[in-house]
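**Q** Sharing a structure with you now.
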Amino acid sequence: MSASAAGPASASADLLAAARAWLASDPDPDDRAELSSLLAAAEDGSPAAVTELADRFAAPLAFGTAGLRGAMAAGLNRMNVAVVLRTTAGLVSYLADQGWAGRPVVVGYDARHRSSRFASAAVSVLTEAGHPVYLAQEPVPTPLVAFATRALGATAGVQITASHNPPADNGYKVYLGNGAQIVPPADTDIAARIPDTTPTPGPPAARVSPLAVTGAYIAGAVGTALHTSARDVRVVYTPMHGVGRDTVQHLFSVGGFPAPAVVPEQAEPDADFPTVAFPNPEEPGALDLALDLARRTSADVVLANDPDADRLAVAIPLAGVTGAPGSDGSGEWRPLSGDEIGILLADWLLSQGTGADRLVVTTIVSSSMLRRLASARGVEYAETLTGFKWIVRAAVDHADLEFVYGYEEALGSSVGTLVRDKDGMSAALAFAELVAVEKAAGRRVTDRLDDLARELGVHATRQRSLVLTGADGLARMHAAVEGLVASPPSEIVGRPVTSVEDLRLGSRLPPTDGVVLRGEGVRLIVRPSGTEPKLKCYAEAVLPAGEDLAAARAAGAATVERILTECASLLG
């Protein structure tokens with residue numbers, strides 16, 4: 001029985017023993033001091049301290065989307081030097097078992113608290129095991145590590161990042177030699193090899209080379225993302241206190257664009273993310289400073305990366321839009337949804353080539369509009385599980401097709417195959433060109449959105465998350481999915497449910513925890529997040545544009561809100 005299930009009193013003896021054992025082997029002095037204080041409080045009978053220890057030692061921090069992610073603190077279920085050492089030992093063992101011992105590995109890190117320290121810990125284990133390492137000499141965007149892994153012929157890549165998570169979090173992301181995130185069974189194979197004890201850090205690394213691939217990445221991104229000579233566009237850009245600014249500025253310069261106006265308050269890397277409540281450009285208020293600068297400078301578009309620059313957010317002026325929902329009340333600007341960014345970039349990039357042997361990819365929780373676009377353009381379409389590790393896998397598995405573009409609704413985009421992961425920087429370059437082309441034709445991005453809605457129908461989408469923290473959070477998520485599968489509703493917003501797809505069965509995709517409910521013109525998907533303690537509900541409503549596009553959009557928006565309200569009720 002776990003500590004959380006048994007309660008503090010009956011679990012305290014085993015729990016305190018586990019904490020003392022961890023404390024004795026933890027190589028990080030800061031973590032030892034913090035855990036020692038917490039342990040003393042638990043020994044004095046503090047219920048809060050025992051509860052905290054129970055959460056930290058309930059289970060190992062598990063591999064989620066391509067690696068680890070969690071709050072930084074001492075303990076088995078947290079991100080810390082000891083966990084990084086153990087995980088890297090598991091990775092080294094896995095590489096050896098695959099016949100890849102002694103081959104180069106790329107290691108990078110972002111600007112979060114302790115990222116550099118975690119990277120050094122990983123390098124110490126890798127070099128002790130005989131792996132030459134290409135190490136970033138400063139914080140770098142995650143797409144550069146994915147690019148470098150393949151470009152440098154490495155057998156694996158490790159990026160220390162928690163992407164857009166809160167300041168207290170960090171993570172450990174793994175790529176294999178093809179430059180793609182790990183997928184099953186590699187993730188479970190690595191996890192199975194992670195030792196129960198913390199290895200002693202090796203001596204100072206002797207086989208480390210600097211990670212110097214930015215120039216090659218810039219040249220490749222410009223060659224992949226740009227197709228025309230249109231460059232007249234005024235861009236406001238924010239790196240969201242992250243590491244994307246310098247690379248993006250270089251991209252725009254080499255690509256021939258005017259220099260973006262960078263939001264000054266968010267320009268420098270800052271692990272505390274002081275101007276935002278949550279460093280995710282999807283979150284309400286995260287783009288406020290960028291929108292203020294856009295209004296003052298009469299910008300054509302706002303482009304934003306998350307802190308590790310693998311996601312792209314976009315905001316556009318609203319003037320001239322036909323019934324677009326979601327304005328900020330001023331009628332001036334609004335952020336685009338991930339589905340809107342995805343369909344715009346897919347349509348734009350497909351328009352720059354010909355041939356049926358081209359491929360676009362998205363996930364099961366994204367809008368079904370991309371499927372309709374692919375059919376209308378006569379190209380191949382693939383649908384995957386949530387997560388870019390699966391989107392890229394579709395491209396790898398269809399090597400006979402030209403991978404044009406892939407996206408997920410959570411602001412992830414991949415333009416071509418330069419980076420086999422989401423890349424918010426090359427996507428920003430491609431979107432800037434799209435805006436410049438529309439501007440040169442006397443049009444706006446909203447005109448292209450209107451054209452697509454009239455051609456393919458209105459596709460209203462939205463998602464809502466329920467936060468489920470604590471040691472039993474994952475169990476509660478599983479129970480929620482099981483409940484919907486076992487007892488699905490007969491209707492969604494008054495429309496009969498025509499199918500219930502249990503994603504755990506893996507009938508058309510690899511098994512995953514989730515359920516899809518479909519009715520005529522409506523869809524609801526419920527699944528646990530792979531990176532955060534959230535149960536996510538995704539709603540879609542599809543209807544013809546008709547004669548009144550504004551009315552159709554309003555009806556679609558109202559329908560998805562009703563679906564999400566019903567979902568919350570279904571989940572209790």
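**Q** For region 24-122, please list each of the helices (runs of 4 or more DSSP H) lying entirely inside it that holds at least 3 residues being over 30 Å from residue 180 (Cβ atoms) and not assigned by TED's automatic domain parsing to the domain that holds residue 171.
**A** So the answer is 29-43, 47-56.
**Q** Is it true that some residue in region 265-281 is in contact (Cβ under 8 Å) with a residue 24 or more places away in the chain and over 23 Å from the mean Cα position of the chain (by Cα)?
**A** So far as region 265-281 goes, yes, one or more of its residues are in contact (Cβ under 8 Å) with a residue 24 or more places away in the chain and over 23 Å from the mean Cα position of the chain (by Cα).
**Q** Right, another one. Would you pick out the residues in region 146-159 that are closer than 21 Å to residue 426 by Cα, touching a Gly at 6+ places or on another chain (Cβ under 7 Å) and part of a strand (DSSP E or B)?
**A** Once the filter is applied, which keeps residues that are closer than 21 Å to residue 426 by Cα, touching a Gly at 6+ places or on another chain (Cβ under 7 Å) and part of a strand (DSSP E or B), region 146-159 yields only 159.
**Q** Follow-up. If residue 143 meets every condition in (1) of a type outside the set (A, V, I, L, M); (2) outside any strand (DSSP E or B); (3) assigned by TED's automatic domain parsing to the domain that holds residue 429 apart from one, which number is that one?
**A** (3)
**Q** Still on this structure, I have one more. Residue under question is residue 69, and the condition is that it be surrounded by fewer than 23 Cβ atoms within 10 Å (Cβ to Cβ), at negative phi and not aromatic (Phe, Trp, Tyr); does it hold?
**A** The answer is no for residue 69.
**Q** Tell me, please, whether a residue that is free of Cβ contacts under 8 Å to residues at least 40 places away in the same chain and of a type in the set (A, V, I, L, M, F, W, C) can be found in region 135-142.
**A** No, region 135-142 has no match at all.
**Q** Which one is farthest from residue 343 (Cα to Cα), of the residues in region 413-424 that are over 14 Å from the mean Cα position of the chain (by Cα) and crowded, with 24+ Cβ neighbours inside 10 Å?
**A** Checking each candidate, the answer is 419.
**Q** Identify, please: which residue in region 1-50 is of a type outside the set (A, V, I, L, M, F, W, C) and over 36 Å from the mean Cα position of the chain (by Cα) and is, among those, modelled with the lowest pLDDT?
**A** 10
**Q** So, in region 160-196, of the ones that are of a type in the set (Ser, Thr, Tyr) and not in a loop (DSSP other than H, G, I, E, B), which residue ends up surrounded by the most Cβ atoms within 10 Å (Cβ to Cβ)?
**A** Here the residue is 175.
**Q** Evaluate region 247-263: report whether one residue or more is within 20 Å of the chain's Cα centre (by Cα) and within 24 Å of residue 217 (Cα to Cα).
**A** Checked region 247-263: at least one residue is within 20 Å of the chain's Cα centre (by Cα) and within 24 Å of residue 217 (Cα to Cα).
**Q** List pairs: first in region 214-230 and in contact (Cβ under 8 Å) with a residue 40 or more places away in the chain, second in a loop (DSSP other than H, G, I, E, B) and surrounded by fewer than 17 Cβ atoms within 10 Å (Cβ to Cβ), Cβ under 7 Å, 6+ apart or cross-chain?
**A** 227/352
**Q** Now for a different question. Within region 263-275, which residues are among the hydrophobic types (A, V, I, L, M, F, W, C) and surrounded by fewer than 20 Cβ atoms within 10 Å (Cβ to Cβ)?
**A** Answer for region 263-275, where residues must be among the hydrophobic types (A, V, I, L, M, F, W, C) and surrounded by fewer than 20 Cβ atoms within 10 Å (Cβ to Cβ): 267, 271.
The values are calculated or read from the model by the stated rules, or taken from the named source; none is laboratory data. Please read all numbers here as calculations on a predicted model, not as lab measurements. As a convention, Cβ positions derive from the backbone with ideal geometry for all residues, glycine included, and neighbour counts pool all protein chains shown.
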